[in-house]
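The structure under discussion appears below in the form of structure tokens.
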Amino acid sequence: MIKDIIEKIRALTKKSIIFRSSLIAAWAAILFLPFKDIKTAVMMFLSVLIGLSAIFFVRKSNFYQTFLEEFHPDFPHRFRKPALIALLIAFFVSPFILADYYLDVLIISGIYIILALGLNVIVGFAGLLNLGFAAFYAIGAYTYALLNTKLGLGFWACLPLSALSASFAGLLLAIPALRLRGDYLAIVTLGFGEIVRLTLNNWDSLTNGPNGITGIASPSLMNLSLGRLEYFYYIVFAFVLLTLAIIRRVESSRIGRAWIAIKENEIAASSIGINITKYKLYAFTFGTFWAGIAGTLFASKMQFVSPESFTFIESVFILSMVILGGLGNTYGTVLGAFILALLPEVLRGVQLYRMLILGLGLVLLMIFRPQGLLGGGKSVRIRN
Amino acid sequence: MFVLETNRLTRHFGGIKAIEDVSFKAKDRSIVSIIGPNGAGKTTLFNCFTGITKPTKGSIRFMNKEISGLQPHEIANLGISRTFQNIRLFSEMSVIENVMVGQHTKRKYNLFSAIFHNNNFLIQEQNILQNAFEYLEFIGLQNFADMRADNLPYGSQRRLEIARALATEPDIILLDEPTAGMNPAETEEVMSLIKNIQELGKTIILIEHDMHLVMGISDWIIVLDHGVKIAEGKPEQVRNDPLVIEAYLGKETIN
Ligand SMILES: Nc1ncnc2c1ncn2[C@@H]1O[C@H](COP(=O)(O)OP(=O)(O)OP(=O)(O)O)[C@@H](O)[C@H]1O
Ligand SMILES: [Mg+2]
């Protein structure tokens, strides 16, 4: 009897996209009920319903496949260059068109893109799970904050120093941690993330504890302050492009190939002469370098840092960006970071539940596209 | 001249004597086959040569240099390369990249060259690509360069592993059952491939179950059984050795 009903529902879900979407939407809405009123739940139901139906229709109509082929490095691409140029122009003229609020959102997404690209080197290329990436972000941010407020060093002088100190911390953690494998490495990096955050939280005399450090300077260029939103936007934009270009180049070099080889098969990689330990250290130091850059940008943007910004959840959030985009896929990582950084803004009304939605989204992703949005093709590590 | 020598090489796994007191020498530019029933210790021997497992006792000398304590990548850099019984390709990479990555230690440039695409980078990368194509032609897979490695048919995957091993420019190449799972035609191809590798001036050590292939191709054969070397010699000597026949056919059939 019950079996029959379940079977019927199954058949119906297979047949009707709307039905399938409304089931999932209802589930998502019910999840919301304990937290918010019925109105939010209905809103949730409707938005998930519309979103999912759209996704399912797109999947059915092969639009997604076409999109993938266009942006995936494996396929010959007719529209990729024009599309990228259009994107570049769009981002370039944004400050003239967009309100400050949107510019602010774009700046934050840019910082997240740099972070996610750095983490992708460690997790996506070398295959080393890192659950404490926010710690390196924090080290970058605090290095700039301290050097600036205590010693009066400027943004441009601090930028390489913060990046190198994040990188050095990465090296110091990696030396002992790389003896461990898989789950253990994840736990050690998680622990490291907490240690860094707790240290920042408790070392009152240096870091001012939970109150954080205020009065951090914005970047300037020859006495011209670049603190204005539009200027800062261009700085972040330039750093995103620089990060992307450098990581693409390293990825398609012998170094990137060695990382992928290690991720895929350590024994085979060592049998062709790759020094596994050395290249894992390399991945850690290179990946965390970008966290240092992102941290400096973040500190000078906010002009304030506190340990609250660098929690475990933040690490998970960055990792989710990499996974969403497709582990090991550079363009995918950019896309994933962009989407997830925008998400809280899009879901302003339900901001408190962004983690819930993130979780829901990731569950759906794992069901429908476990390799991530752009992942799963063959890698291309040939210069092109 | 001997390129590889072991002296009383022993490897135990707990109570299992995977190899026990094995001594042999491999002549430069020869094809040496290691045969023996399942579990005889053949793969373990290869793992010792390449540093994947450390011997319990005994020595391994490559060109008169002791290598038994070295790391796998150090041994590979000295000039010993191998394929695996259970294929270990980099499946996410394309066919050509699998060969390109094989030249990791032979064509070098550093991080800064990679970032700035300087001259050294351009020259080395050009060489890497060109050599990789040549190795692919050598094994006959040049038309599949762009394919994901794990989409290749099984036999081609085994040959790709050989190309990757060759790309490290080794003096000795160790082949662990290179024809496993192949049909007679493919086996024939691999046989002539091995001959061609020998002509490149390399020493080949081969683990192989196909007796026809082994007898036809080997300069020297070593027979292992339960970790112990029970015979060695030229193919015709080994073929008629009563101990070998016994190991292969079992005591009952002999009596
Ligand atoms: N890592 C290991 N741990 C424990 N025992 C092992 C290990 N590797 C090999 N052995 C044991 O050592 C013995 C020899 O194994 P090995 O793989 O060298 O045999 P082989 O001659 O290659 O056999 P086959 O023809 O089946 O490939 C076997 O009894 C095997 O179970
Ligand atoms: Mg074996």
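Yes or no: the range A:303-322 includes at least one residue that is of a type in the set (Val, Ile, Thr), open to solvent by less than 10 Å² (accessible area, probe 1.4 Å) and touching a strand residue (DSSP E or B) at 6+ places or on another chain (Cβ under 7 Å). Within the range A:303-322 (the criterion being of a type in the set (Val, Ile, Thr), open to solvent by less than 10 Å² (accessible area, probe 1.4 Å) and touching a strand residue (DSSP E or B) at 6+ places or on another chain (Cβ under 7 Å)), the answer is yes, since at least one residue qualifies. Among the criteria (1) open to solvent by 30 Å² or more (accessible area, probe 1.4 Å); (2) away from ligand 1 (no atom under 15 Å from the Cβ); (3) touching a strand residue (DSSP E or B) at 6+ places or on another chain (Cβ under 7 Å); (4) under 30 Å from B:Ile16 (Cα atoms), the one B:Asn240 does not fulfil is (3).
Taking the criterion of being of a type outside the set (Val, Ile, Thr), out of contact with any helix residue (DSSP H, G or I) (no Cβ under 7 Å at 6 or more places or on another chain) and within 14 Å of another protein chain (Cβ to nearest Cβ), the residues of the range B:20-53 that qualify are B:Phe46, B:Asn47, B:Cys48, B:Phe49.
Does any residue of the range B:204-215 turn out to be more than 16 Å from ligand 1 (Cβ to nearest atom) and without any contact (Cβ under 8 Å) to a residue 12 or more places away in the chain? Yes, there is a match, as at least one residue in the range B:204-215 is more than 16 Å from ligand 1 (Cβ to nearest atom) and without any contact (Cβ under 8 Å) to a residue 12 or more places away in the chain. If you go through the range A:163-209 and keep only what is free of Cβ contacts under 8 Å to residues at least 12 places away in the same chain, open to solvent by less than 80 Å² (accessible area, probe 1.4 Å) and not in a helix (DSSP H, G or I), you end up with A:Leu180, A:Asn208. Among the residues of the range B:105-135, those that are part of a loop (DSSP other than H, G, I, E, B) and either under 24 Å from B:Ile87 (Cβ atoms) or free of Cβ contacts under 8 Å to residues at least 12 places away in the same chain (or both) comprise B:Thr105, B:Lys106, B:Asn110, B:His117, B:Asn118. Residues of the range B:190-217 that are within 24 Å of B:Gln103 (Cα to Cα) and in a loop (DSSP other than H, G, I, E, B): B:Leu200, B:Gly201, B:Lys202. When B:Arg11 is tested against (1) among the charged types (D, E, K, R); (2) within 16 Å of ligand 2 (Cβ to nearest atom); (3) in the same structural domain as B:Asn127 (by TED's automatic domain parsing), just one condition goes unmet, and that condition is (3).
Under the condition of being open to solvent by 30 Å² or more (accessible area, probe 1.4 Å) and more than 11 Å from ligand 2 (Cβ to nearest atom), which residue from the range B:22-55 is nearest to B:Ala231 (Cα to Cα)? So the residue we want is B:Ser23. Comparison of B:Thr179, B:Thr187 shows that the only residue that is at pLDDT below 95 and either open to solvent by 30 Å² or more (accessible area, probe 1.4 Å) or assigned to a helix (DSSP H, G or I) (or both) is B:Thr187.
Each residue in the range A:115-158 was checked for being part of a helix (DSSP H, G or I) and either of a type in the set (Val, Ile, Thr) or on the phi > 0 side of the Ramachandran plot (or both), and 6 pass.
None of A:Tyr101, A:Tyr137, A:Tyr112 is closer than 24 Å to A:Phe317 by Cβ, without any contact (Cβ under 8 Å) to a residue 24 or more places away in the chain and assigned by TED's automatic domain parsing to the domain that holds A:Asn201 except A:Tyr101. The helices (runs of 4 or more DSSP H) located wholly in the range A:246-365 that include 2 or more residues which are of a type in the set (A, V, I, L, M, F, W, C), touching a residue at least 24 places away in the same chain (Cβ under 8 Å) and within 14 Å of chain B (Cβ to nearest Cβ) occupy A:254-264, A:276-302. For B:Glu134, state whether it is more than 15 Å from the chain's Cα centre (by Cα) and either at negative phi or away from ligand 2 (no atom under 16 Å from the Cβ) (or both). Criteria met by B:Glu134.
Which condition does B:Phe144 not pass, out of (1) within 17 Å of B:Arg88 (Cβ to Cβ); (2) of a type in the set (A, V, I, L, M, F, W, C); (3) within 14 Å of another protein chain (Cβ to nearest Cβ), if it passes all the others? The single condition B:Phe144 does not satisfy is (1).
Scanning the range B:2-53 for residues that are of a type in the set (S, T, N, Q) and more than 15 Å from ligand 1 (Cβ to nearest atom) yields B:Asn7, B:Ser23, B:Ser30. Close contacts from the range B:32-49, counting a first residue that is charged (D, E, K, R) and a second that is more than 8 Å from ligand 2 (Cβ to nearest atom) and in a loop (DSSP other than H, G, I, E, B), with Cβ to Cβ under 6 Å and a gap of 6+ residues or different chains, come to B:Lys42/B:Gly36.
Just so you know, in the range B:136-176 the residues that are more than 14 Å from B:Asn196 (Cβ to Cβ) and assigned to a strand (DSSP E or B) include one that is farthest from ligand 1 (Cβ to nearest atom), and it is B:Arg148.
Consider B:Val95 carefully, then state whether it is touching a residue at least 24 places away in the same chain (Cβ under 8 Å) and in the same structural domain as B:Leu136 (by TED's automatic domain parsing). The answer is yes for B:Val95.
The single condition among (1) within 9 Å of another protein chain (Cβ to nearest Cβ); (2) open to solvent by less than 30 Å² (accessible area, probe 1.4 Å) that B:Arg158 does not satisfy is (1). Among the residues making up the range B:56-79, those that are more than 9 Å from chain A (Cβ to nearest Cβ) and either open to solvent by less than 30 Å² (accessible area, probe 1.4 Å) or farther than 18 Å from B:Met1 by Cα (or both) are B:Thr56, B:Lys57, B:Gly58, B:Ser59, B:Ile60, B:Phe62, B:Ile67, B:Ser68, B:Gly69, B:Leu70, B:Gly79.
The values are calculated or read from the model by the stated rules, or taken from the named source; none is laboratory data. Here the structure is a predicted model, which means the values were calculated and not measured. Ideal geometry is used to build each Cβ from the backbone, glycine not excepted, and the neighbour counts take in all protein chains shown. Each accessible area value is taken on the protein alone, full model and side chains, heavy atoms only, with ligands, DNA and RNA left out. Shrake-Rupley method; radii C 1.70, N 1.55, O 1.52, S 1.80 Å.
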